[in-house]
Structures are given as structure tokens and as C-alpha cells.
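**Student:** My structure is below; once you've seen it, I'll send some questions.
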Amino acid sequence: MKALVKMEPGAGNWQIIDKPEPTINKDQVKIKVEYIGVCGSDIHTYEGHYNINAKDLIIGHEFAGIAVEVGENVKHVQVGDKVTSETTFEICGKCRYCLEKEYNLCPTRKGLGTQQDGACANYIVARGASVHVLPENLSCKEAAITEAAACAHHGVCKATIKKGDIVLVLGPGPIGLLVAQIVRAKGGTVVMTGLTKDSGRLKVAKEKFGIDYIVDVQKDDPHELVNSLTDGYGADICYDCTGAVPSMHLGMDLLRKKGQYVQVGLFAKDEVVVDFSKIIQKELVVSGSRSQNTHDWPATLNYMANGDIRADLMITDELNIDEWDKAYKLMKSGETIKIVLKPLPENK
């Protein structure tokens, strides 16, 4: 089969090559890949900022397809089912995190597309317990972005949202748009911020996704809007989806006393300057969010199936895996929201 492979450590070194079809054991499922979602972490891997030491690795961890072979111990999946999968492929099963099914925190966890061959190929092998059968009305194309939506769901659940809460979503990128849709489904009122260069995405957020309020922070003062919505108290919750230090400072500044702050976006550097006096004086509750977890998937698929998450509107481009360079340029330009890739035809 044809696969997109990271051939050597470091930046770049991606190549379409022939790989043997994978085989499964009794606890696994073999999936014929229909669509693969392109993630920001794929960009970081390509540029050499993430998973830098990977070698001979098939890329891709957001995907959906058809189950073509099911291990004898896997009872909830049948051959022919439309499925997607969590990225968790291998865990220790013994640590306190595994025992609580918080697999994203297992110290020996291996993930699809990062430590284990991923989805940019005709077939992928997934851990049976990680596979989810799709709702009947959800297509494989739409479901290819489930992992990204599950990451957004994981972040949203780090705070407690009450109906009518004023919720800041900083950054109109794919994760920000997914976070905003889930917040609205939970009854929150969303204020989404971005920069002037994000004007296109902010417009999409308002017109296509019905986001309540949008603010270009380089043109308008978000404090004025938030104060008008909260009688001067400040926002109840903030999700930073940018990983930009100025955005973090803005979010904490806009929060009310006892507000909740969740860091969803990854910072470019591990160490950043944080105003802890603001956290202390305002008694802010600050949380981090890492990836997604098994409990996020059923809820996320339900949101997608009932239209609270509009996966069809999130996907703006469809390319083949050998058009990765084009996908990369589109993502870097900010002219797209979410790209899905198609595998190449199987070898005859």
C-alpha cells in the first residue's frame, strides 16, 4: 500500500512510499482508511518542532474508515462498520491514570501517528478498545475530524459552564471554532477574539457557526464588550486556543474574580512569563488540557451527529496524501479551516 511516511528524524523527510499492509492480533481492528484530518501537530512534526525523533513512521492520527478485519476479542465492532478511533494505541494498563481511564496521561502511552503507524495509508491497525462505531447519519469524511473535536471537548470540560455564562474563546483556528461550538451547545455565550489577519476566520465564525460575538483585538477593545455583557465584572470562563503569550495575558485580564481559565493551545516555548499576582488576587482557577481521552469520544460523536458540531462546515478542503505540500501551504496561509486527505488508490 502507498503511505505518507516520515523517513528520518528532524524537519521534513516526508515521502510517499510502498509499505506492507498491516496485520492485526485478537485485540485489534484493521480499518480501511477513507479520510484523514490534517492537524496542527502534523505541521509541527513536518517543521521539526514536534515528534522530532520519529523515523519510518506513517503520519496521521485523525481519521475514519471502514472496519475490514476485527480481532476475536473485539465485540462492539463488526466488519463493514463505519468507524473512527482514539489515538491511544498502547498503554501500560497499570498506572493510576490507566486505572481511571485517563489514558492521555499514561507515562508509557503510544499514539497513532506519533509513536505507532498512523492513518495516511490505505489501512491502519487500531486498538480495539479505542475504536468507535459512527452514528448512522455521520459520514466518514465528517468523522475524520473527530479526534480534533474530542480534543476541544476535553478542554471545554476542564471548566464548569452554566447557561448564560460569558465565555471567551481566544483564537478562531480549528480548535477555537470547535471549542466555541461545544460551549454554545452547553449554553454558554461566546466571545471569540482574533487578530486582523484572522478577519476571514472571524467572519466565518459569525456567519457560518453563529458565534455570538467576535472581536478583532487589534481594532476594537474587548474589555468594552465584555464589561457591557457582564455589568463590569468580567467573563466567567476563558479558553485560550492560541498558545500565544499576549493572548494568555488578555484572557486572564478579561476574566472576573473567581473566573476559570483553561489553556488549550500549546505555547511555542515551554517556559512563558505568567502574571501570578493576577491569578492570586482574582482567585482564578487555572487548568491545562492535554489531547483527548476515551470519555470525550461518545459525547463528541453525539454532538457531531446532532449538528451541535458542524463538521461539514469545518472541512474546507479535500486533497490526496501525495498533495501534502499543498495542504501544508494552505494551513500556513490561514486560508483554510480544516483539510482532509484521501489515501491513494490501492496497489494492484
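**Student:** Please go through the range 21-49 and pick out each residue that is open to solvent by 30 Å² or more (accessible area, probe 1.4 Å), closer than 22 Å to Thr336 by Cα and touching a helix residue (DSSP H, G or I) at 6+ places or on another chain (Cβ under 8 Å).
**Tutor:** Within the range 21-49, Glu34, Tyr35, Gly40, Tyr46 qualify.
**Student:** Is it the case that Ala54 is hydrophobic (A, V, I, L, M, F, W, C), modelled with pLDDT under 95 and out of contact with any Phe, Trp or Tyr (no Cβ under 6 Å at 6 or more places or on another chain)?
**Tutor:** yes
**Student:** May I pose another question? Just give me the residues in the range 200-224 being in a helix (DSSP H, G or I) and either touching a Gly at 6+ places or on another chain (Cβ under 8 Å) or surrounded by 17 or more Cβ atoms within 10 Å (Cβ to Cβ) (or both), in sequence order.
**Tutor:** Across the range 200-224, the qualifying residues are Gly200, Arg201, Leu202, Val204, Ala205, Pro222.
**Student:** Can you name the strands (runs of 3 or more DSSP E) wholly within the range 225-331 that have at least 3 residues being open to solvent by 10 Å² or more (accessible area, probe 1.4 Å)?
**Tutor:** Once the strands (runs of 3 or more DSSP E) in the range 225-331 are filtered for at least 3 residues that are open to solvent by 10 Å² or more (accessible area, probe 1.4 Å), what remains is 255-263, 285-288, 315-320.
**Student:** Select from the range 95-141 the residues that are of a type in the set (Phe, Trp, Tyr) and buried (at least 21 other Cβ atoms within 10 Å of the Cβ) and list them in ascending order.
**Tutor:** Within the range 95-141, Tyr103, Tyr123 meet the criteria.
**Student:** Also, quick follow-up: Failed condition for Ala144, given (1) open to solvent by less than 40 Å² (accessible area, probe 1.4 Å); (2) small (Gly, Ala, Ser); (3) at pLDDT below 95, with all others met?
**Tutor:** Among (1) open to solvent by less than 40 Å² (accessible area, probe 1.4 Å); (2) small (Gly, Ala, Ser); (3) at pLDDT below 95, the lone unmet condition for Ala144 is (3).
**Student:** Just to be sure before I move on: is Ile175 outside any strand (DSSP E or B) and either among the hydrophobic types (A, V, I, L, M, F, W, C) or open to solvent by less than 30 Å² (accessible area, probe 1.4 Å) (or both) in the structure I sent?
**Tutor:** Spelling it out, Ile175 is indeed outside any strand (DSSP E or B) and either among the hydrophobic types (A, V, I, L, M, F, W, C) or open to solvent by less than 30 Å² (accessible area, probe 1.4 Å) (or both).
**Student:** Regarding Cys151, is this residue surrounded by fewer than 20 Cβ atoms within 10 Å (Cβ to Cβ), more than 22 Å from Pro22 (Cα to Cα) and not acidic (Asp, Glu)?
**Tutor:** So Cys151 fails the test.
**Student:** Would you confirm, using the coordinates I've provided, whether Thr160 is at pLDDT below 95, under 30 Å from Gly251 (Cβ atoms) and either among the aromatic types (Phe, Trp, Tyr) or open to solvent by 10 Å² or more (accessible area, probe 1.4 Å) (or both)?
**Tutor:** no
The values are calculated or read from the model by the stated rules, or taken from the named source; none is laboratory data. Everything quoted here is computed from the prediction, not taken from an experiment. So basically every Cβ, Gly included, is an ideal-geometry build from the backbone, and we count neighbours across all protein chains shown. Accessible surface areas use protein heavy atoms only, side chains included; no ligands, DNA or RNA. Shrake-Rupley method; radii C 1.70, N 1.55, O 1.52, S 1.80 Å.
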